[in-house]
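The values are calculated or read from the model by the stated rules, or taken from the named source; none is laboratory data. Predicted, not measured: the structure shown is a model, and the values here were computed from it. Please note: Cβ atoms are built from the backbone with ideal geometry, for glycine as well, and neighbour counts cover all protein chains shown. Side chains included, ligands, DNA and RNA excluded: accessible areas come from the protein's heavy atoms. Shrake-Rupley method; radii C 1.70, N 1.55, O 1.52, S 1.80 Å.
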Amino acid sequence: MSTTIVLKKGLNIPISGEAELRVSKAIAPGIVAVCPPDFKGILPRLLVKEGDPVLCGSPVIADKKNPDILLTSPVSGTVKELVRGDKRKLLTVLIEADDEQKYVDFGPKDVERMDAEEVRQALLQAGMWPWIVQRPYGIVANPKDTPRDIFVSAFSTAPLAPDYGFCLGEKIKEIQAAVSALAKLTSGKVHVSVCADTPGQAEFAKLQNAEIHSFKGKHPAGNVGVQISNIAPIRKGDIVWTLSLLGLASIGELLLKGKCNFRRKVAVCGPMAIQPSYIDTLPGMPLKQLAPFYGDRPDGIRFISGDVLSGRNAGVDGYLGFFDNQVTLIREGVDKELLGWARPLRYKQYSRDHSYFSWLMPWRKYDMDTNLHGGQRAFLMNDGYYAKVLPMDIYPVYLTKACLAGDIDKMEQFGIYEVLPEDLAVCEFIDPSKNNIQDIIAQGIDLMLKEMA
Amino acid sequence: MNKIFEKGGKLHWLHSTVDAFETFLHVPGTVTLKGAHVRDAIDLKRILIIVIVAAAPAALFGMWNVGYQHSLAIGNTGIDILGNFWYGFLKVLPLYVVSYVVGLGIEFAASQIRGEEVSEGFLVSGFFIPLIVPVDIPLWMLAIAVAFAVIFGKEVFGGTGMNIWNPALLTRAFLFFSYPNQMSGSNCWISLRPGETPVDGFTGATPLALDGAQAQYGTGFWDMFIGTVPGSVGETSVIAILIGAIILIWTGVASWKIMAGTVIGALAVGLIGDLAGISKVPCYMQLIYGGFAFGAVFMATDPVTSAQTECGKWIYGILIGALCLMVRLFNPGYVEGMMLAILFANSFAPLIDHIVVNSHISRKAKRLNAA
């Protein structure tokens, strides 16, 4: 194993409600949603009508630009409803699950003997391709590309993030098969980053056919973008692919057993979660099914599919995202706080800034809510203030301002290829000017996509 | 907020103003709509109030010193701390009223025109302005200067966060060049009631102007360090300013790199002056003369107008220190160079950052392409 890369910059957000390491419930949802907006870069073309029967693994949606890329159904059942939004944009395909699950049989593969084309076809057919996310831009990868490298982060440092050792430690065989298969698709290597301090990570550090990197640091050290930047930064023209460990487990199961299995352990956490713990469920599960965790009173609670920094506000009527294995429940902070900023201590609020004193009590956890804690202002603090929480070799404020100005040349220079919005989430968290930095970066990336197309 | 202040309401033209007072009293109940769902409890109001807390010792000492200098001037040598403070307080209070009323008035109006919330930036600028002007400045001059600085130094660029020059220093610069008689010499630094005349042999010139010459007060290290000398209201006491510096560095609101750079730059040029025999005082004395300490701690470190990058902060600080001493030592026209040095460095901060950032980018590109 190579030496440990220590990242000194970063911030672990001390929010309460960490999930206990036990599976409290297995949920087999009656209705499952396939949501094309989960997949950035895919223009959905429907392959099913309302009333069509589907099996687990049957294609539901294809990409218009790249018809080989399929989204498949995670359950067997009947297509119940197609939900469209403005301009008839397809938002959700609702599938009513059968009592007994039937799977499309793709046939087990011998991973060692497969060549690159076979791996590619196997992943495309079964709808496993969308697990592969391309950097730059964070879009679903193009099957025609050969990436420079493939990166996988085996841990997450996001607030209340699930423990990957607990969730996926038992699937190490599948993960190994997926790593071996993916290694055939790249001209470089598969890089797997593990966390140096967590004991559950030892399994992942033993993976073959991959280069293992060991990281140590606070959030966002677990973000794959930060890891790439510290292993082999993305230059202009480079294409690299990233996968989550969750995706590797699914891909591995497909290759070894020949069937699609998107089941996963999902951490239900956050200050508003009652007895936060793990559930065993499918992506596209309606969040209403979590009723025991919020006491059936959803008013005033924000349902986030993902973590509190970069997750999606799904609402109680929303669904678990395809890539997510975490649901965070926090309170909507709509109440006014009398003399908030003027109180010397403000004991119940967390701030990293040293003008409060919470940084002297690193052991405390806080019941954070969605209050903005201030009004939006122009950037006033300088770049170094934000760079303290970004362990990458870029200037966050310069990059953000370049995105605001829509200046492509400057965005390129300041490192737009290296980042996704999630990498600057902590900068957004600590921003006293309350700018939506992630949104600004996302708009910059959209502009790049448009200009580079 | 009441409906009549909303868009379409009768009093919509007061929207920014009402909003400013409302959010001053309590943190609003707005929630995050995009991006991170939880946010740090820090906001600009908190950061800026810390700056005011840090400058408070200098302001309080300054008020007392105004009274003390007045007592000295009329030959009153008794110790009357409260009396001196009260005298100074009554002299400085009108400066504060003018500074805030004029500055915030323009700020509120400009925010309303832009349709934004009122930014807190002027709370700090308005607190500094009375501290860096002579106590006897006519109030109408101050009003014009504040209006100039806020309108042309800040609002035309787009408000707080967009300005190039420190608004407080711009106020002082406007006064300095428009009304030089009220801003220099030996009469402006001591406030007298109508009809009072200084005792014989009293001079109100600052130690910097006298350069250690004969004066009724001491010009030794400790007098200047404690601050019992004439000067702008808040700049005289190095002890009070150091307390402020400790608060600013502890909270991380101001950059210690800029402060350290300024001191290094000043000592370097001061040392050259000493060695060349130009300077009449040892170089370390330069750090406690005049507005150097106040400028280095409170004016140079303004995060908006200073350099942004970590390396740039060192260059920026050293530039200020060196320039200030150059003006002091090599320029016969002006005795004090801190204000001009900082404004000059403000102008160059974007260039410094540009060079730092670009050299970083090209170094990185070279490294990546070599790899």
(message) Quick check: pseudo-label points 7 Å beyond the Cα along Cα→Cβ at residue A:27 and residue B:264, how many nm apart are they?
(response) 5.7
(message) Just to compare against my own numbers: the Cα pair-distance distribution for chain B, 10 Å bins, whole % per bin, please.
(response) 5, 22, 31, 23, 12, 5, 1, 0
(request) Summarise the long-distance tail of P(r) for the protein assembly as shown by giving the % of C-alpha pairs beyond 47 Å. (result) 34
(request) Would you mind finding the longest exposed-site-free stretch of chain A, with exposed GluC sites (Glu not before Pro) meaning DSSP loop and at most 13 other Cβ atoms within 10 Å? (result) A:101-453
(request) Take the Cα atoms of region A:264-359, find their three principal axes, and give me the spread along each one in whole Å, biggest first. (result) 46, 24, 22
(request) Two decimals is fine: what's Rg over Rh for region A:118-184, C-alpha atoms, Kirkwood radius as Rh? (result) 0.99
(message) What is the angle, in °, between the Cα long axis of helix A:437-452 and the longest principal axis of the Cα atoms in chain A? Nearest 10 is fine, range 0 to 90.
(response) 50
(message) What whole-number distance in Å separates the alpha-carbon centres of region A:27-52 and region A:328-369?
(response) 39
(message) To test your reading of the geometry: what angle, between 0 and 90 degrees and rounded to tens, separates the Cα axis of helix A:116-125 from the longest principal axis of chain A?
(response) 80
(message) Students sometimes get this wrong: rank B:37, B:26 by accessible area, probe 1.4 Å, all chains present, largest first.
(response) B:26, B:37
(message) As I understand it, the value is the acute angle between the Cα axis of helix A:245-257 and the longest principal axis of the Cα atoms of chain A; what does it come to in degrees, rounded to 10?
(response) 10
(request) Sequence neighbours fewer than 8 away in the same chain don't count; with that in mind, list the aspartates and glutamates whose C-alpha is under 15 Å from residue A:365. (result) A:18, B:40
(request) Report the accessible surface area buried between chains A and B, summing both sides, using a 1.4 Å probe on protein heavy atoms only, in Å² rounded to the nearest 100. (result) 5600
(message) Given a 1.4 angstrom probe, what's the average accessible area per residue across chain B, in square angstrom?
(response) 42
(request) Could you give the C-alpha radius of gyration of chain A expressed as a fraction of 2.2 N^0.38 Å, taking N as the number of residues it contains? (result) 0.96
(request) Would you mind telling me the share, in percent, of accessible area of the protein assembly as shown contributed by carbon and sulfur at probe 1.4 angstrom? (result) 60
(request) Count, for each residue of B:303-310, the Cβ atoms from other chains sitting within 10 Å of its Cβ, then give me the mean as a whole number. (result) 5
(message) For the full complex of protein chains and a 1.4 angstrom probe, list A:87, A:40 by accessible area with the highest value first.
(response) A:87, A:40
(request) Please list, in chain and number order, the residues 5+ apart from residue A:327 or on another chain whose amide H is under 5 Å from its amide H, with Hs placed from the backbone. (result) A:267, A:268, A:269, A:306
(message) I need the phi-derived Karplus couplings for region A:376-386: 6.51 cos²θ - 1.76 cosθ + 1.60, θ = phi - 60°, integer Hz, Gly and Pro marked x.
(response) 6, 9, 5, 4, 10, 6, 8, 4, x, 4, 7
(message) Give me the three principal axis extents of region B:44-173 from the C-alpha atoms, as integers in angstrom, largest value leading.
(response) 55, 30, 21
(message) Given a Förster distance of 56 Å, report the FRET efficiency between residue B:143 and residue A:6 from their Cβ-Cβ distance, rounded to the nearest 0.05.
(response) 0.50
(request) List the residues of region A:329-361 whose accessible area drops by at least 40 Å² when all protein chains are present, compared with their chain alone, using a 1.4 Å probe and counting only protein heavy atoms. (result) A:336, A:341, A:354, A:355
(request) Mind scanning A:65/A:189; A:64/A:450; A:189/A:410; A:40/A:171 and naming the pairs with a C-alpha gap bigger than 25 Å? (result) A:65/A:189; A:189/A:410; A:40/A:171
(request) Over the alpha-carbon set of region B:254-371, divide Rg by the Kirkwood Rh and report the Rg/Rh ratio to two decimals. (result) 1.08
(message) Using a 10 angstrom Cβ neighbour count of at most 12 plus a DSSP loop assignment to flag exposed trypsin sites (Lys or Arg not before Pro), which longest range of chain B is free of such sites?
(response) B:11-279
(request) Counting residues in region A:29-97 as N, plug N into 2.2 N^0.38 Å and put the Cα Rg over that result. (result) 1.01
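I'd like to check one number: the per residue accessible area of region A:1-143, probe 1.4 Å, reported in Å² as a whole number. Each step should come with its number before you reach the end.
Working: 7080 Å² over 143 residues.
On a per-residue basis, region A:1-143 sits at 49 Å².
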(request) Order A:285, A:452, most accessible first, counting only protein heavy atoms with a 1.4 angstrom probe. (result) A:452, A:285
(message) Which of rounded, prolate or oblate describes region A:183-258 when judged by the alpha-carbon gyration tensor and an a/c cut-off of 1.5?
(response) oblate
(request) Find the centroid of the Cα atoms in region B:1-63 and in region A:423-452, then give the distance between the two in whole Å. (result) 24
(message) Need the C-alpha centroid separation for region A:112-171 versus region B:288-352, integer Å.
(response) 53
(message) Viscosity 0.890 mPa s, temperature 25 °C: give me the Stokes-Einstein translational D for region A:383-451 in µm²/s, with Rh taken as the Kirkwood radius over C-alpha pairs.
(response) 210
(message) Just checking the output field for A:366-372: average partner chain Cβ neighbours within 10 Å of each residue's Cβ?
(response) 6
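Per residue of the protein assembly as shown, what 222 nm ellipticity follows from adding -39500 (n - 2.57) for every DSSP H run with n ≥ 4, rounded to the nearest 500?
Details: 25 runs with 311 residues, N = 824.
It comes out at -12000 deg cm²/dmol, rounded to the nearest 500.
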(request) Take the Cα radius of gyration of region A:13-169 and divide it by 2.2 N^0.38 Å, with N its residue count; two decimals is plenty. (result) 1.18
(message) If R₀ is 22 angstrom, what is the calculated FRET efficiency for the pair residue B:89 and residue B:239, using the beta carbon separation as r and rounding to 0.05?
(response) 0.65
(message) For residue A:213, what residues show an amide H to amide H distance below 5 Å, using hydrogens built from the backbone and excluding near sequence neighbours?
(response) A:192, A:193, A:194
(message) With a 1.4 Å probe and all protein chains left in place, how much accessible area per residue does region A:204-355 have, in Å²?
(response) 35
